[in-house]
Amino acid sequence: MSEFDKIVDKKVLSYHSVAGGDINKAYQVKTEQDMYFIKMNTISNLDMFIQEKKGIEAIAACHVIGTPHILQTGTTYQHAYLLMDYIERGKPIASYWDVFAQELACMHSSFVGNQFGFSSDNYIGSTPQSNPFCGSWVTFFKEYRLRPMLVRNEENLSRSDRQRIIHIMEHLDELLIEPEHPSLVHGDLWSGNVMTGPDGKAWLIDPACYYGDAEVDLAMTELFGGFPPSFYTSYRQYGCLRAGYEKRKYVYNLYHLLNHLYLFGYGYYGSVIHCIEKIEGSW
């Protein structure tokens with residue numbers, strides 16, 4: 001019996017490797033009755049899959065946007081794994097980007113509490129992400145997003161670079177505004193984490209969920225290529241963007257660029273500095 005047979009608890013007819021991101025190995029697994037998608041990593045990384053499952057379930061609980069159906073997480077004698085139904089990609093509907101914007105806006109409006117954070121800590125990529133509940137968005141973003149990334153990048157940034165980021169953090173209340181309410185955010189919303197589901201609409205995968213400012217998701221969509229202009233036009237109609245977003249997005253994306261610098265090295269240094277310059281130029 002193969003490792004895949006044990007995971008799905010059925011006889012596996014075939015399996016093959018598929019794209020699954022930079023961090024995990026991923027497989028399409030076929031049995032006589034079903035098709036599955038399995039992500040694998042070392043056993044020590046089981047918690048990454050547990051937290052991904054929680055994020056997918058939080059998005060699914062909004063009942064407004066598609067997500068894969070997660071079956072279980074666990075370990076074999078060799079690997080940690082995340083087991084879900086295999087999603088057949090559909091043909092995008094004509095109104096794909098407008099509907100995606102509407103559904104994302106609905107997801108961002110789905111939380112009526114007043115605390116920023118999440119029920120558990122999780123990961124942005126493979127980097128731990130702390131999510132303690134906090135009553136102030138500015139405080140949350142400073143202490144649990146920017147400050148940990150500054151510490152992690154101590155060897156990747158010069159003293160003057162770090163001082164520039166510290167200056168940004170000290171004046172964060174001048175750069176950010178408190179949103180009207182916390183929103184459930186995907187947390188890692190770039191184009192690679194959006195797929196076309198069997199219904200022809202956008203589905204979300206690989207989240208790093210928490211309750212924050214909805215603008216962090218929109219900022220992230222612009223970081224690596226962006227979505228078509230029609231998406232942003234529609235989201236502005238339905239969603240939570242406010243005056244000044246064009247300046248705030250650089251603060252939000254500094255977090256992700258610092259994470260990429262930490263994970264992937266010097267190739268992202270120039271992007272970090274460019275982002276810092278944009279923030280400094282907004283004062």
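Taking the longest Cα principal axis of the chain as reference, the axis of helix 229-238 is set at about 80 degrees.
Restricting to DSSP loop positions (anything but H, G, I, E, B) with no more than 12 other Cβ atoms inside 10 Å of their own Cβ, which GluC sites (Glu not before Pro) remain in the range 85-148?
Details: sites: Glu88, Glu103, Glu143; in loops: Glu88.
When the GluC sites (Glu not before Pro) of the range 85-148 are filtered for loop state and at most 12 Cβ neighbours within 10 Å, Glu88 remain.
Karplus-based coupling profile of the range 176-192, in residue order and whole Hz: 10, 10, 6, x, 4, 7, x, 10, 5, 10, 5, x, 8, 8, 9, 4, x, with θ = phi - 60° in 6.51 cos²θ - 1.76 cosθ + 1.60 and x standing for Gly or Pro. Contact order, relative form, for the chain: 18 percent (alpha carbon pairs under 8 Å, 6 or more residues apart, mean separation divided by residue count).
Overall shape of the chain was characterised from the C-alpha gyration tensor. The equivalent ellipsoid obtained from it has semi-axes of 33, 23, 17 Å, in decreasing order.
Counting only protein heavy atoms and a 1.4 Å probe, the chain has 46 square angstrom of accessible area per residue. Rounding to the nearest 10 and keeping the result within 0 to 90°, find how far the Cα-based axis of helix 46-60 lies from the longest principal axis of the chain. Helix 46-60 sits at roughly 80 degrees to that axis.
Sequence gap of 8 or more, or different chains, plus Cα separation below 12 Å: how many lysine pairs satisfy both in the chain? Write out the running numbers ahead of the final one.
Values: Lys10/Lys30; Lys11/Lys30; Lys25/Lys39; Lys39/Lys53; Lys91/Lys201; Lys247/Lys278; Lys249/Lys278.
Lysine pairs meeting the criterion: 7.
FRET efficiency for the Lys6 to Arg152 pair, using the beta carbon distance and R₀ = 35 Å, is estimated at 0.45.
Measuring r between the beta carbons of Ser14 and Tyr266 and using R0 = 51 Å, the FRET efficiency lands at 0.80.
Students sometimes get this wrong: rank Thr31, Thr42 by accessible area, probe 1.4 Å, all chains present, largest first. Intermediate values should be presented prior to the final figure.
Working: Thr31 5, Thr42 70 Å².
Descending order: Thr42, Thr31.
What the Cβ-Cβ distance of Thr127 and Gln78 gives, at R0 = 22 Å and to the nearest 0.05, is a FRET efficiency of 0.35.
Extension gain for the segment Gln237 to His171, taken as residue separation times 0.36 nm less the Cα-Cα distance, is 20.7 nm to one decimal. Taking 7 Å steps out from each Cα toward its Cβ at Phe224 and Glu88 produces label points 2.8 nm apart.
The values are calculated or read from the model by the stated rules, or taken from the named source; none is laboratory data. Note that this is a predicted model, so its numbers are computed, not measured. With ideal geometry, Cβ positions are generated from the backbone for all residues, glycine too; neighbour counts draw on all protein chains shown. These area figures cover heavy atoms from the full protein model, side chains too; ligands, DNA and RNA do not enter into them. Shrake-Rupley method; radii C 1.70, N 1.55, O 1.52, S 1.80 Å.
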